[in-house]
Amino acid sequence: MSEKNQATENNGGMSAKHSAPAHSRIANGGGDSSIELLRIIAMFMILTHHFIVHNGYDVLPPLGPERIFFQLVMAGGGKVGVVIFFSISAWFFLDKEQTIKSNLKRVWIMERELLFWSLILVTFYLVFDRADLGPKLMVKSIAPLSMGLWWYATAYAIFLALLPFLAKGLKALGREYHLKLAATVLVIWGLTSFIPGMIGIKDGFLGLIYLFILIAAYKWYMEPFTTRQVWLMIGTGLGFFLLYTCASITLSLLGHDMGIYITGDWRLPVIIVGFGMFLLFDRATFHNRTINRIAQSAFAVYLITDYAASEKLLWVRLFNLQDLYQQPLAILQILGILLAIYAACTLLDFIRQALFAVTIDRRRGHWFDLLWDRAFERKTAN
């Protein structure tokens, strides 16, 4: 979901201090590699999360060092990775006016990649491993976006479709009411996220909207945080992680096992750490073609490994945590396996990119433009 958008004229109250780094980074496809490196890191964090939550071995009591690492660092880190991954796109969306056509075209282009991988994967499992390929998954593989085969892709597509209206609506609110809106959602979903049992965000799309409101408020109307403030922000989020981990250990010793609650979806410390990491990497400047090339395949790593049949094959049968949990240097072995999987998925996507380059990407988005123009020609004629 890399967004290599041209930077445009500052408007809507956007601070020049905010927009300058974004303009210099992504414009013209040159790409400062710090953000692309962060994209790779975020996707690896998501991969480690999937390894834990979809594994055939449940990391439950006792609450010891291994469980803390797996649940806090690996499982919790994946939630931070989602925040980072979305923040990268959201930040650069705010640099230019969003149109209905441009965003639906993004959905169209993304759908081609989704359909490619869903059909390739369903064919692979039909031929080589039908054990976890049910009729429902096969049907979903024909229409992956509309049937929610991958939750993030569907939520992100809905966000893109509504983004032109959301952006205009937020700008129409103006500085005062936008900041009040940000404060309101922070109270509703941010402060209450510290308390188990309180209202939370269960829908991925709503989580993206929540995060976009906060990022837009910061970028358009707030003074940029200093590097020291960003480090303090990250440290505060990590401090809450550690505090709740200590509380979990205490409760576990008293016979009340709740897991590490604070690392759940859209919890405020997760957002603080994720967005803080983005701001930190956004201040770095270097260029590396290899990193930029690998980052182009980050989304494919998610699509391949989070396909339902792939989850069973990878995390239950091939790399079950139970077989690795008690081995010497288990954590290093697991990280090595995950790096190898990431590399393999990246190489597979290089093949997909090469196929697209000589076929449908020769005139990228051309068919969408034709259909769009034809539809509006008919509307004008009527």
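The values are calculated or read from the model by the stated rules, or taken from the named source; none is laboratory data. Being a predicted model, the structure only gives us computed values, none of them experimental. Here Cβ is always computed from backbone atoms with ideal geometry, including for glycine, and neighbour counts include all displayed protein chains.
Before moving on, here are some points about what is shown:
- For segment 163-182, the criterion of being under 19 Å from the mean Cα position of the chain (by Cα) and under 30 Å from Trp108 (Cα atoms) is satisfied by at least one residue.
- So Leu324, is it surrounded by 15 or more Cβ atoms within 10 Å (Cβ to Cβ), more than 26 Å from the chain's Cα centre (by Cα) and at pLDDT below 85: yes
- For the criterion of being modelled with pLDDT under 95, in a helix (DSSP H, G or I) and either surrounded by 20 or more Cβ atoms within 10 Å (Cβ to Cβ) or not acidic (Asp, Glu) (or both), Val270 passes.
- Within segment 329-360, tally of residues that are modelled with pLDDT of 95 or more, among the hydroxyl-bearing types (Ser, Thr, Tyr) and either exposed (fewer than 15 other Cβ atoms within 10 Å of the Cβ) or farther than 10 Å from Ser297 by Cβ (or both): 0
- Residue in segment 141-148 that is in contact (Cβ under 8 Å) with a residue 24 or more places away in the chain, assigned to a helix (DSSP H, G or I) and under 30 Å from Leu38 (Cβ atoms) present: no
- Residue identified as surrounded by 14 or more Cβ atoms within 10 Å (Cβ to Cβ), without any contact (Cβ under 8 Å) to a residue 60 or more places away in the chain and out of contact with any Lys or Arg (no Cβ under 8 Å at 6 or more places or on another chain) among Leu160, Leu137, Leu126, Leu170: Leu170
- Helices (runs of 4 or more DSSP H) contained entirely in segment 35-135, each with at least 1 residues that are at pLDDT below 90: 65-68, 76-93
- The condition of being surrounded by fewer than 15 Cβ atoms within 10 Å (Cβ to Cβ), under 30 Å from Lys312 (Cα atoms) and in contact with a Ser or Thr (Cβ under 7 Å, 6 or more places away or on another chain) holds for only one of Leu119, Leu145, that being Leu119.
- Taking the criterion of being farther than 13 Å from Ile40 by Cβ and either of a type in the set (D, E, K, R) or in contact with a Phe, Trp or Tyr (Cβ under 8 Å, 6 or more places away or on another chain) (or both), the residues of segment 277-302 that qualify are Phe278, Leu279, Leu280, Asp282, Arg283, Arg289.
Listed here are the residues, each with its yes/no results for (1) over 17 Å from Gly78 (Cα atoms); (2) at pLDDT below 95; (3) polar (S, T, N, Q); (4) surrounded by fewer than 19 Cβ atoms within 10 Å (Cβ to Cβ).
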{"residue": "Arg228", "(1), (2), (3), (4)": "yes, no, no, yes"}
{"residue": "Trp231", "(1), (2), (3), (4)": "yes, no, no, yes"}
{"residue": "Gly237", "(1), (2), (3), (4)": "no, yes, no, no"}
{"residue": "Leu251", "(1), (2), (3), (4)": "yes, yes, no, yes"}
{"residue": "Thr263", "(1), (2), (3), (4)": "no, yes, yes, no"}
